[in-house]
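Notes to accompany the following structure.
The values are calculated or read from the model by the stated rules, or taken from the named source; none is laboratory data. Only a predicted model underlies this, so the values are computations on that prediction, with no experimental measurement involved. Counting neighbours? That spans all protein chains shown, and the Cβs are built from the backbone with ideal geometry, glycine included. For the accessible areas, the whole protein counts, side chains as well, though only heavy atoms, and no ligand, DNA or RNA atoms are used. Shrake-Rupley method; radii C 1.70, N 1.55, O 1.52, S 1.80 Å.
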Amino acid sequence: MASMTNNFDRLDFKTQQDLKGVDFTDGGELVLTQLDIKLTTPELADVSPWEFAHYMAVENWLTEYQPQPNASNLEQVTGYLEAFHHLCEVEAWETASKILFIHPHPDAKELHKQLGTWGYYCEQIQLYSRLLEKLNLDLDCILLDGLGKSYHYLGQLQTAIEYHQRQLEIACQISNPQAEAQARGGLGIVYGLCLDQHQIAFQYYQHQLEIARQIGDRQQEIEALDSLGYFYCHTGQYQKSIKFCQQALALAREIGDRDAEFLILGAIGSTYRLMGQPKKGIDFLQQQLNFCQTTSNRRGEWAALTNLGAIYVTINQYENALDCCEKAMIIIQEIGDRLGEKDTLICLAAIYTRSGRYETAIGYYQQILRLTRQVGNRFLEGYTRASISYCYARLKQHNRAMRNSKLAIKIGREINNKQLLGAAVGTLANAYWHQKNYATGLLLIAQSMLIFPPFTNETSQFMFKTTVETICLALKGVSNLIFSYFQFKQRIDKPTKANKNSSNKIQ
């Protein structure tokens, strides 16, 4: 998905000081000037000692704090964050709000967005929560949008939905179409990307695109097109997916949004993998990885590594896949993104499934199950059950295989998802076949193909393919056995020349 951004032109601070174009990188004194903090002004002469101490702390954090040369990204912006919290303590809400939009260094985004790029979602939540309902509804829309995204990345999906829903209600109340488009886009991503409720998500994406085009917001248009590309990819309409992603990519390049450009390249690369053209997708993902590594975009780097790992799995380069996924797991655990961790676990499970290390794969699938229960993703829970069934069948643990297939079938029926149901029935066929119940296995294979032909998920394609190969191998063995039997029978039944002669003599 393309990166989410905000346009802050609608903000109306009481100070009426224009921050647009201000370079905040020339030192703490300039920052203090732009924030209207002057410790010698008459206004500060009347404050209490307690309040004055907080203002002194603000000045010290902005002018005296010097991070170490090897400081982490968070340590580099600690001065801004501490100054923000001291200003909130004395309820200097307008001044504190301006710190959110400071650029920590020339190539950085605004502070609150940069924290998200680095993966510091908890720190984002602290900023947004302290300012919420303190100034005006336009600012509240920005804060609610940020809260929705942060909680989404932390895997707290219901909380994310609640914040985006509040944002949508306020945006409609104050007639702020840009905030309305952002809220609809945020809701669409949670419902589609995380909860697999794609028809609900599709409606949100469509509305986001319509509003973006009505108000001429190119950034929102990029995000909506990218989201629609994801929708079509997930539903197996790959050509449509590529088409929408290409439109988003052209717009991103037109407005110079490098972050969006390289995230969309990643989406295109992943789509080519699902289309059965994995080698074509590698170049797109490598471009994304190189860009994210040079810009310290930790989440983007994780996404590129995970998707590259998935491609290497598809082309049976398991060592390369494992290397990518292990690096991705380190990144995603460092930034605390539980949903992202789930995606990397899926890739690791696929590596061990494809390479025949089924017990290890089952361990990863069990971790995925725990995460899916936490976020309530029933589709992924069902697919994981089907994958576990496949592994148990290969290990000849038939009862466990059948139990997990039946649980997957039950979930598929409950959520009325034909893709899941077809895959689950296919794994049940696999379980019967490994028990040498060939008639039931063949019947279920035919049934799975009727439910959902062909499988759009690349993992289920693999499981289906190997199941069919197992069946064909067994059928070939049976046919060879039958052929050998008839050959043997012919040799016995056919009289030899000697037998004929002796037979004639007897007559």
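Screening the range 389-407 for residues that are among the polar types (S, T, N, Q) and more than 25 Å from the chain's Cα centre (by Cα) and picking the one that is surrounded by the fewest Cβ atoms within 10 Å (Cβ to Cβ) gives ASN399. When every residue of the range 398-411 is checked against the conditions, at least one turns out to be assigned to a helix (DSSP H, G or I), among the aliphatic types (A, V, I, L, M) and farther than 26 Å from GLN197 by Cα.
Name the helices (runs of 4 or more DSSP H) wholly inside the range 299-388 in which the number of residues that are closer than 26 Å to ARG413 by Cα and open to solvent by less than 40 Å² (accessible area, probe 1.4 Å) is 2 or more. Give the steps one after another, and end with the answer.
Values: elements: 318-334, 338-354, 358-375.
Passing ranges, in order: 338-354, 358-375.
Okay, residues lined up against (1) in contact with a Cys (Cβ under 7 Å, 6 or more places away or on another chain); (2) part of a helix (DSSP H, G or I); (3) open to solvent by 10 Å² or more (accessible area, probe 1.4 Å); (4) among the β-branched types (Val, Ile, Thr):
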{"position": "GLN208", "(1), (2), (3), (4)": "no, yes, no, no"}
{"position": "ALA212", "(1), (2), (3), (4)": "no, yes, no, no"}
{"position": "GLU221", "(1), (2), (3), (4)": "no, yes, yes, no"}
{"position": "GLN247", "(1), (2), (3), (4)": "no, yes, yes, no"}
{"position": "ALA250", "(1), (2), (3), (4)": "no, yes, yes, no"}
{"position": "GLU254", "(1), (2), (3), (4)": "no, yes, yes, no"}
{"position": "ILE268", "(1), (2), (3), (4)": "yes, yes, no, yes"}
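Scanning the range 109-136 for residues that are in contact with a Gly (Cβ under 9 Å, 6 or more places away or on another chain), open to solvent by less than 50 Å² (accessible area, probe 1.4 Å) and of a type outside the set (Val, Ile, Thr) returns HIS112, LYS113, GLY116, GLY119, TYR121, GLN124, LEU127, TYR128. Taken together, the criteria exclude ILE411 from residues that are open to solvent by 30 Å² or more (accessible area, probe 1.4 Å) and in contact with a Leu (Cβ under 8 Å, 6 or more places away or on another chain). Within the range 117-157, restricting attention to residues that are within 22 Å of HIS105 (Cα to Cα) and in a loop (DSSP other than H, G, I, E, B), the residue that is farthest from the chain's Cα centre (by Cα) is TYR120. Picking from residues in the range 145-200 that are among the β-branched types (Val, Ile, Thr) and free of Cβ contacts under 8 Å to residues at least 24 places away in the same chain, the one that is least open to solvent (accessible area, probe 1.4 Å) is THR159. Figure legend. Inter-residue proximity from the range 84-111: first residues among the acidic types (Asp, Glu), second residues part of a helix (DSSP H, G or I) and open to solvent by 20 Å² or more (accessible area, probe 1.4 Å), beta-carbon distance below 7 Å, spacing 6+ or different chains. Indicated pairs: GLU89/HIS54.
Within the range 297-325, the set of residues being of a type in the set (S, T, N, Q) and touching a helix residue (DSSP H, G or I) at 6+ places or on another chain (Cβ under 6 Å) comprises ASN297, THR306, ASN307, THR314, ASN320.
Pick from GLY422, GLY412, GLY426, GLY363: which is more than 24 Å from HIS152 (Cβ to Cβ) and either in contact with a Pro (Cβ under 8 Å, 6 or more places away or on another chain) or of a type in the set (Ser, Thr, Tyr) (or both)?
Details: GLY412 fails: either in contact with a Pro (Cβ under 8 Å, 6 or more places away or on another chain) or of a type in the set (Ser, Thr, Tyr) (or both); GLY426 fails: either in contact with a Pro (Cβ under 8 Å, 6 or more places away or on another chain) or of a type in the set (Ser, Thr, Tyr) (or both); GLY363 fails: either in contact with a Pro (Cβ under 8 Å, 6 or more places away or on another chain) or of a type in the set (Ser, Thr, Tyr) (or both).
Answer to the selection: GLY422.
Restricting the range 30-60 to residues that are more than 14 Å from ILE99 (Cβ to Cβ), open to solvent by 80 Å² or more (accessible area, probe 1.4 Å) and not in a helix (DSSP H, G or I) leaves a set whose member that is modelled with the highest pLDDT is ASP46.
Quick one: would you say LEU481 is at pLDDT below 55, of a type outside the set (Lys, Arg) and open to solvent by 60 Å² or more (accessible area, probe 1.4 Å)? Reasoning before the result, please.
Working: at pLDDT below 55: yes; of a type outside the set (Lys, Arg): yes; open to solvent by 60 Å² or more (accessible area, probe 1.4 Å): yes.
For LEU481, the condition - at pLDDT below 55, of a type outside the set (Lys, Arg) and open to solvent by 60 Å² or more (accessible area, probe 1.4 Å) - is met.
Answer yes if at least one residue in the range 433-442 is open to solvent by 10 Å² or more (accessible area, probe 1.4 Å), within 24 Å of LEU371 (Cβ to Cβ) and assigned to a helix (DSSP H, G or I), and no otherwise. No.
Would you check if GLU261 is at pLDDT 95 or above and of a type in the set (D, E, K, R)? So GLU261 fails the test.
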